[in-house]
Structure formats: structure tokens, C-alpha cells
Amino acid sequence: MKRFSFESPTVIRTAFFFALLCFAISSSANDLTGNWVARNPQPDGTSRDTYLDLQQVGSRITGHIRVTQFYYSIVESTGGPDTFILTGSMMDGHNERHVKYEVKRVGDELHVATRRRPDSELIEMVAHPAPAGEGRLPARLPLPELHDVPNNGLAQTPPMGWNSWNKFAERVDDPAVRAMADAIASNGMKEAGYQYVNIDDTWQFGRDAKGNIIPNKKFPDMKGLADYVHSKGLRIGIYSSPGPKTCAGYEGSYGHEEQDAKTYAAWGIDYLKYDWCGARSLYADEDMQAVYQKMGDALLKAGRPILYSLCQYGRAEVWTWGAKVGGNAWRTTGDIRDSWESMSKIGFAQDALAPFARPGHWNDPDMLEIGNGGMTEDEYKVHMTLWALLAAPLLAGNDLREMSPAIAAILTNSDVIGVDQDKEGKPGRRIGKPGDQEIWARPLSGRKQAVALFNRGAEPAAITVRWSDLGVKSAPAGARDLWAHKDLNLPSQEYTATVPAHGVILLRLGN
């Protein structure tokens, strides 16, 4: 009998081909090629889906990853044969955004893990095959030629109201909105000038067979909700995006601008916040004006006056064209957070934008965080004072049912609100910056002025304003401290006051 040696050429060739066959079977079984979706059902009846449209050739994987409003191209894949690390990249304006996913095929599933940020907790999902093409971006629609959208005549003073995002985020629902309307109508805010009760992201479900936008389970009757808010003598606002998806991954207005505007009008909506988020996967910053113009035109055709608030984080120098697309307000900055660092960085950086604001068209440094707990009472007074001097929209973002008397007093200070709502609509400017202190002044109607002494330092500080810095030779006739609620007798040449750390003194000068 002939015997085979493990070293014989025949055995070596047989083993080699057997190994190749096993590798081919293993590779075929673990090939990630296909369109996969990890569905994450939400209590509101929607689903937060992550799509992985993958093409594997050997140890290299290409394709795309789509999650909420983000659409990444896979630029790198490492690992194998069972587990891969996929790196996705997308351009966000002029910045590149990256994400990493660990992906492993287990039978008919993909086991997927990622972190939203390097320091955040691991998110693990299971993805299953999805129909080819599901989750892909729609075709890029052509943009209109630029033209000036006629003025809608709204917001002759900066809009005032409440927005759901800072406190409630995705938890906002019909009962919460009704409760905020009840609070505004009963706690003095309505009398102070607050009008709008605004629903931010996560109200959408999808579209019906005719393409009409429909709300999710949290908002069973949007028209009924609008009627309720109107019954309180208030107005109601809503949120959308010019992209296919909103920031939170809900249905946007892409390709349905006129249809959505008419739906909002039929519901009785009075205010639209229009957030760029989902559009950035299809359009560049230089396309913004045309993109926002589409909704500006649509709102004018809707048959109801709807205040138009542009939310695109101050990109593309929106203050130079926001009014041209029908905008009544435009964001000048990224998202605010409930902290001294965030609020002060945003607020004190607005000085150069003052010339672009005027009645009907306002710079918007984002919503108020007053009462959400991240700052001191003095810091919240700085927040309110800065926004008033800037002629900014005053949109409270706290739970109005649970305000302390101190927070309520800040939000309803009629003298400070009077500065914000001054009918001449001329924002304030910085007129001095001695160290950690800043002096700002705002011209008011009736030849009056508002002057603020800000202390950005960590210790109390004496701050002096000279009347010559305000363009007057001697002390103005009449002065009032708007936070202390008292009239002052001013010295002839200058005024000095000790201002607490992270605090402010706000004066109104003139009779």
C-alpha cells in the first residue's frame, strides 16, 4: 500500500486547495455586501434607523452609512475576515465630520457598534437586510434663481415666546405644549410680551399617500393643539428642515416646501423654525440662500402670516442675505448650552452684527437658557441683558410650570424687555472693554439709551462709564437701574459701580 507523507507534494497541494475552499466558503458566508438597516423603534411611533449600504471586495469595504441626518461615505475599512472597523466621512460646510463603526456578520445579521463621540458610551445595534436603495439620499433637486422674497411684515420687534428644545428635546408632546401655553397665559409672561409657543424637532411621523406631512403619536391633533394655544391669546410655532431629515432624523420638508407650508397654514401655525441640518448632505453652504428662498416663497403663498426663522448656525454670513429670503430672524451662532462659558462666548461675540438687524429682521444668538439650572442668578441676568441689548428674539427654554420667583422675575422684567422691544430696533454695541469688563450701549427711542456694565471676571469689580463715551457732555437727565428697579442721581462726568462676578448693571438713561 502506498503511503502519503505530510511533506509530499500531493498532500501539500490537497491541504492548500482545501484551505482555499474553506476560506472562500467563510468569506462568502461573512461577506458584508448588501443594504442593511438597524431599526430602533421610538415611543412616538417612529423609528431611528441606521443604514449601512456596503460593498465588500476581499478585505476592502466601501459604501455609505446613514444615521439621522448624517450621510457618510466609507473612506477606510480595516480588519477582517469576520470583523471590520469602518470609518465614514462627510463634509459639514467647510468641516469634515468622521464616524467609526465596528461591524461583524453573524449569520443573517450584522452586529454593529459605535460611539457618537469618543468619550460617549458604546451603542450596539443589530442590522438586518433592507430593500435595495432604502435609506439612500434622494436626488439633488435643482435650485431656483435668486430673487428677493417680499417682506411679510411680521416681527416688527424681536419675537418673544417659548421653545421646547432646551428643556424637553425629544420628550415634547401635546400635553407639554398645552401646559406651557397655560403657564404663559397665567404667570405674567403673556402680559410681559411673550406670544409664541414653539414646538421644536421630533413632532413628525412621515407622509401620507398624497405626500402630506403627518405628526406622530405625541401630537394626535395638530390643528386642535393650535386652536387651544390660540384660545389663550397666544401663537404657535413649528419646526422643519430643508433636508430630507431633520436634526433628530425625523421627516424634513425636502421637495415638499409648498405642500408643507400649506399644511402649516391649515393647522393654524404662526411661526416656522427652519433648520439646515438635513440639507447639508445634499447642498453646500453656498447653496443656502437659494434653499431658504424656496421656503420663504412657499410661506408667502400659504395663505396665512407665518414668521420665518432661519436656523443655520450663522454659516454663509446669513445676516447679509437672511432678509432677502423672507427671514424674520436668522441664527448667528452654533447651539447654546446652559453654561456661563457657552452663553457668554456667544453673547459677547455679536457686536459686529448689529448693523444687519432692523425691524422685521433680527440677528438670533439662539434661545434663552434662563431657569434651566446651569447658571447662577447673576449669570442669567447677564444672559437676559445681553439678549435685550442685541435686540434678539427672547424665546424662553425652561419649564415654565416650575419657575422660582427669581427666574420668573428675570424673564418678566418689563424694563429689560422694553430695551429688547424698543421700536427703533437698533441693537447695542460694545463701547469699552477694560480687561474682563465690558461696557455696552444701545440707542433707544425718545433719545434714550441703555447702558450695561458687564463683569466677566471671577471677582467683583468697579466699572466706570464716562458720559463722553456715550456722546454726551454731562450726566443725562434721568436714570434708572433696571435690575435694582430704582432711579439714580448721576454724577456729572462719569458713573462708577461695583459689579458682582459674572454680573451686570443695566441703566436706562434719559427721561
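Tabulated values for the structure
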quantity	calculated
Within the range 76-111, tally of residues that are under 28 Å from the mean Cα position of the chain (by Cα), on the phi < 0 side of the Ramachandran plot and surrounded by 12 or more Cβ atoms within 10 Å (Cβ to Cβ)	10
Residue list for the range 196-237, filter: in contact (Cβ under 8 Å) with a residue 24 or more places away in the chain and among the hydrophobic types (A, V, I, L, M, F, W, C)	Val197, Ile199, Trp203, Phe205, Ile213, Phe219, Met222, Leu225, Ala226, Val229, Leu234, Ile236
Selection count, the range 307-355, where residues are assigned to a helix (DSSP H, G or I) and at positive phi	2
Long-range neighbours under 8 Å by Cβ, at least six apart or interchain, first residue surrounded by 11 or more Cβ atoms within 10 Å (Cβ to Cβ) within the range 483-499, second of a type in the set (Gly, Ala, Ser) and modelled with pLDDT of 95 or more	Thr496/Ala462; Ala497/Ala462; Thr498/Ala461; Thr498/Ala462; Val499/Ala461; Val499/Ala462
Only listed residue being hydrophobic (A, V, I, L, M, F, W, C) and out of contact with any Pro (no Cβ under 8 Å at 6 or more places or on another chain), chosen from Leu137, Leu122	Leu122
Qualifying residue in the range 395-405 (condition: within 20 Å of the chain's Cα centre (by Cα) and closer than 25 Å to Gly153 by Cα)	yes
For Glu438: the one exception among (1) of a type outside the set (A, V, I, L, M, F, W, C); (2) surrounded by 15 or more Cβ atoms within 10 Å (Cβ to Cβ); (3) outside any strand (DSSP E or B)	(3)
Boolean, Lys223 is more than 22 Å from Pro158 (Cα to Cα), basic (Lys, Arg) and crowded, with 22+ Cβ neighbours inside 10 Å	no
Residue tally, condition over 21 Å from Thr157 (Cβ atoms), small (Gly, Ala, Ser) and either without any contact (Cβ under 8 Å) to a residue 40 or more places away in the chain or surrounded by fewer than 17 Cβ atoms within 10 Å (Cβ to Cβ) (or both), over the range 317-351	4
Some residue of the range 422-429 being at pLDDT 95 or above, of a type in the set (Asp, Glu) and either under 30 Å from the mean Cα position of the chain (by Cα) or assigned by TED's automatic domain parsing to the domain that holds Ile336 (or both)	yes
Matching entry among Gln259, Gln293 (being buried (at least 19 other Cβ atoms within 10 Å of the Cβ), polar (S, T, N, Q) and modelled with pLDDT of 95 or more)	Gln293
Single residue of Ala458, Ala501 found to be more than 18 Å from Thr385 (Cα to Cα) and assigned to a loop (DSSP other than H, G, I, E, B)	Ala458
Breaking point among (1) of a type in the set (A, V, I, L, M); (2) outside the structural domain of Glu191 (by TED's automatic domain parsing); (3) modelled with pLDDT of 95 or more, for Leu395	(2)
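The values are calculated or read from the model by the stated rules, or taken from the named source; none is laboratory data. Small disclaimer: the values here were computed from a predicted structure and weren't measured. All Cβ positions, even for glycine, are placed from backbone atoms using ideal geometry, and neighbour counts span all protein chains on display.
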